[in-house]
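Report on the following structure.
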Amino acid sequence: MLIVTHFAVPFYSYYLTDPFLKKYKDKKELFLYSCVIGLAGLTPDIFRAHLTLQSRYNAFSHTAFAPMIALLVTMLAVFFVGIPKRFLFWIPLGVTTHLLLDAVSGGIRLFPSGEIIGDSMIKFSFWGFFEIFFFSLLIITYKHDIRKFVKKAETYN
Ligand SMILES: [Zn+2]
C-alpha cells in the first residue's frame, strides 16, 4: 500500500477508539496524538522505501522484528522522554498495521529470508483509490474537528 493509507489506518484506529478510553481536553490533542500513531505506521517505509515487491521482501523493516523494535524504542521514550504510556501499545500497533496492509497487498516476509506470507488481495491498481479516499477523509477530519475547535477558541478569546 501507499503512504496515505499507511498513515490513515493507524491514525483512525487511534482517533476513533482512544476517546473512549481517555477524556481529551480538546480535539487538537487527539488529532496530534493520532498523527504520531499515523507516523508510526509509516516507519517501515521510512527505513526502507520499497518500489518493488522484491525490495519489500528484502526489507528488515517489513518483518515481525519491526513491531518488536518499535516496542523497545517506545519503552525507552516512555521512561526517558515521558511520552504517554498508552503509546507502548499504539506505536507497535501502528507498525503492525503497516505489515498487515502490505501482507494483503503483495505479501511480506515475517522473518528475514523466511517464507512470504500474504497475497495480492488488494491489487496494485486499487491502491490509488485508497489513497484518494483516505486523503479526502483526513482533510474532512482536519477541517471538521480542528478548524471548528480553533474557531471556537477564537470566539472565547
Ligand atoms: Zn511497506
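Only the coordinates and a few stated rules stand behind these numbers; no lab work does. Note that the structure is predicted; figures quoted are calculated from it, not measured. Here the Cβ positions follow ideal geometry from the backbone for every residue, glycine too, while neighbour counts run over all protein chains shown.
Values computed for the structure shown
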item	result
Shape of segment 3-156, Cα gyration tensor, a/c cut at 1.5	oblate
Candidates Leu110, Leu32, Leu42: whichever shows maximal mean-square fluctuation once the chain is modelled as a Gaussian network with Cα springs under 10 Å	Leu32
About the Cα centre, charge dipole magnitude for the chain (Lys/Arg +1, Asp/Glu -1 at Cβ), debye	620
Rounded, prolate or oblate (a/c below 1.5 giving rounded, otherwise prolate when a/b exceeds b/c) for segment 55-132 by Cα gyration tensor	oblate
Normalised contact order of the chain, rounded percent, pairs of Cα under 8 Å and 6 or more residues apart	28
Trypsin sites (Lys or Arg not before Pro) lying in DSSP loop within segment 101-143, provided at most 14 other Cβ fall within 10 Å	Lys123
Trypsin sites (Lys or Arg not before Pro) restricted to DSSP loop in segment 24-63 with at most 14 other C-beta within 10 Å	Lys25
CD proxy at 222 nm, helix term only [per DSSP H run n ≥ 4: -39500 (n - 2.57); per residue of the chain; nearest 500]	-21000 deg cm²/dmol
Angle between the chain longest axis and helix 27-47 axis [Cα atoms, degrees, rounded to 10]	20
Helix axis angle, 65-76 relative to the chain longest principal axis, alpha carbon, degrees	40
Rounded FRET efficiency, nearest 0.05, which uses the C-beta distance separating Ile146 from Arg86 and R0 of 22 Å	0.55
Hits among aspartates and glutamates - C-alpha to C-alpha of Lys143 under 17 Å, sequence gap 8 or more where chains match	Asp26, Glu29, Glu154
Cα gyration tensor shape of segment 45-91, rounded if a/c is under 1.5, else prolate or oblate by comparing a/b with b/c	prolate
